[in-house]
1. Across segment 191-226, what is the number of residues that are farther than 21 Å from LYS150 by Cβ and among the hydrophobic types (A, V, I, L, M, F, W, C)?
2. How do the pairs read when you match residues in segment 118-130 that are modelled with pLDDT under 90 with residues anywhere that are open to solvent by 40 Å² or more (accessible area, probe 1.4 Å), using Cβ under 7 Å and keeping only pairs 6 or more apart or on different chains?
3. How many residues does segment 75-117 contain that are surrounded by 18 or more Cβ atoms within 10 Å (Cβ to Cβ) and at pLDDT below 90?
4. Please return the ranges of strands (runs of 3 or more DSSP E) entirely within segment 177-239 where 2 or more residues are open to solvent by 30 Å² or more (accessible area, probe 1.4 Å) and touching a residue at least 40 places away in the same chain (Cβ under 8 Å).
5. Only residues that are acidic (Asp, Glu), within 15 Å of the chain's Cα centre (by Cα) and either within 18 Å of LEU225 (Cα to Cα) or in a helix (DSSP H, G or I) (or both): list them for segment 113-169, please.
Amino acid sequence: MPFPRPRPPLTGQVRAWLPAVAGATAVSLVSGCTGTGEARSAGPAPGVSAPAQLWDEPPLPPRDTDGKESTDTRPAPLHGVPEVPSGDIHRVSWLDIVKAQTAAGGDGHSGPQFNPGTLREIRRCTADRRQRPKCPVRAPRYRDLNGDGKDELIVGIAEGTDDQVAIWVFTVRDRKVTRIMDAAARPLSVEVTGQEVILREPSGSAGYEMRTVYSWDERAQAMELRAMEFDPVRSGRTAPARPKAAR
């Protein structure tokens, strides 16, 4: 099963009903019923923990998009980094992983693509981010997202001209570093709770922000898009509205 890539902007028709909801309205992307319409169990739920915000960088300013969708990809072993017999991703340089993944892009199936300036800055990055303050790669984060007791690597890369952040998750499968999540967003925040990665973005409707949830899917062996919710803006934060497209 392919895993999601950047989404097109919301249409005016979808935006029209947002103010009518009183709370968060979930759009479920996974059926919970059998073919006969009977409810079925989704199995035991993982433990619940408070969301932990991954990065403290301020949110990027709103920017209109052209609505293009990127091609979905399947998890695939990453070439250019050593095998990991122990399965411990900490034993591989996170920066080597990022540079190998950016080098693998360019065929429309390994994106997201970065502009030449961003690629140049990525190549200049060092493990000590203080030496390269312009490095677009945010500090690496490690969390166990698939429940096997070993950490996955989570990285974010800011696109200089596109005002987006690429969010990648890597694991070790059969000794090989493998990317299991590839998303792009203009996040107000990126959070992790349990086996979920939560992206909060401007929704385009005043007073609301969009909450997108990715969670581990055992069958797909990847982080899958589970839900998109429209939440009231949390206290103490004002969600910027996206500019209207020119007519």
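The values are calculated or read from the model by the stated rules, or taken from the named source; none is laboratory data. Please read all numbers here as calculations on a predicted model, not as lab measurements. Cβ sites come from the backbone with ideal geometry, for glycine too, and all protein chains shown count toward neighbours. Calculation scope for accessible area: heavy atoms of the full protein, side chains included, ligands and nucleic acids excluded. Shrake-Rupley method; radii C 1.70, N 1.55, O 1.52, S 1.80 Å.
1. Residues that pass the stated criteria total 6.
2. From residues that are modelled with pLDDT under 90, the pairs are ALA127/SER93.
3. Going through segment 75-117 one residue at a time, the tally reaches 5.
4. 208-217, 222-232
5. Matches in segment 113-169: GLU152 only.
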